[in-house]
1. Tell me which lysines have Cα within less than 20 Å of A:LYS77's Cα, excluding those fewer than 8 residues away on the same chain?
2. Give me the distance in nm between label points sitting 7 Å out from Cα along the Cα-to-Cβ direction at A:LYS77 and B:GLU47, one decimal.
3. Along the principal axes of its C-alpha atoms, what lengths does the range A:64-133 span, in descending order and rounded to whole Å?
4. With only alpha-carbon atoms counted, please give the Rg and Dmax of the range A:15-133, in Å.
5. Across all directions of projection, what mean area in square nanometres is found for the Cα convex hull of the range A:1-80?
6. Aspartates and glutamates within cross-link reach of B:LYS26: Cα-Cα under 16 Å, excluding same-chain residues under 8 positions apart?
7. Can you bin every Cα-Cα distance in chain B into 10 Å intervals starting at zero and give me the percent of pairs per bin, rounded to whole numbers?
8. Quick one: A:THR7, B:THR33, B:THR19, fewest Cβ neighbours within 10 Å first, how do they rank?
Amino acid sequence: MSFREKTAWISLLSMAGIYGFYFWSLSGGAGGVRLGLLDTIILLVAVQVVLNIAIAAFAPKDAKAPRDERDKLIEGKSARFAYAVLAACVALAVFFGAFTPPVVFNLNAFLFFLVMAEVLRALSQIVLYRRSA
Amino acid sequence: MGGIRNEIRRLRFEHGEMTQQQLAEKIGLTRQTVNAIEQGKYSPSLEAAFRIAEVFALPLESVFHHGKD
């Protein structure tokens, strides 16, 4: 497994786990335990930094190597896919928001769309690496 | 993408059993990308294809083929 694929796994699992807990606790789950948005972001950054340093320590040569053409192609394809997901979610939110006056955009709903797009970006990267682009 | 075949695996062994990692370092790609090219799962850019052919000191058409046979 390449270094870039490992970082995609870290993004996918950390975001799904930490933001998953955040949204679950918002909906009343998690036994009343609440994680604030700032705490969530700090925890996510800390987990990702620690895990990325750990995998870089095991393969320093791979970590230092620049992205090659296949890495860039996969990044481009997955970013395009994530953008389409994000744009569709925002368009739906605006469409349905327009029919429920007063128009109030829920910050957490938009955060959820953003997280979903990022999770799908990481997932599509992994799929493309598995299929070799 | 599926129509491009290559002789990289055979050529590596004919050039002192060169490893995928060694070839990758010579052409500035990762070992995983060389493996994907070798297996026909990824078609390299024209530039990368020329660099691979240069490593084996062969013309491009001796390394890569397009067609069914």
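Every number in this text was worked out from the coordinates using simple rules, so none of it is lab data. None of the values given here were measured: they were computed from a predicted structure. Every residue, glycine among them, receives a Cβ derived from its backbone with ideal geometry; neighbour counts consider all protein chains shown.
1. Here the lysines satisfying the reach criterion relative to A:LYS77 are A:LYS6, B:LYS41.
2. 2.0 nm
3. 51, 21, 15
4. In Å, with Rg to one decimal and Dmax whole: 17.7, 56.
5. With the hull built on Cα positions only, its mean projection is 6.5 nm².
6. Of all the aspartates and glutamates, those that pass the test against B:LYS26 - Cα under 16 Å, at least 8 places apart if same chain - are A:ASP62, A:ASP68, A:GLU69, B:GLU17, B:GLU38, B:GLU47, B:GLU54.
7. 22, 62, 16, 0
8. Listing A:THR7, B:THR33, B:THR19 from fewest to most nearby Cβ atoms yields B:THR19, A:THR7, B:THR33.
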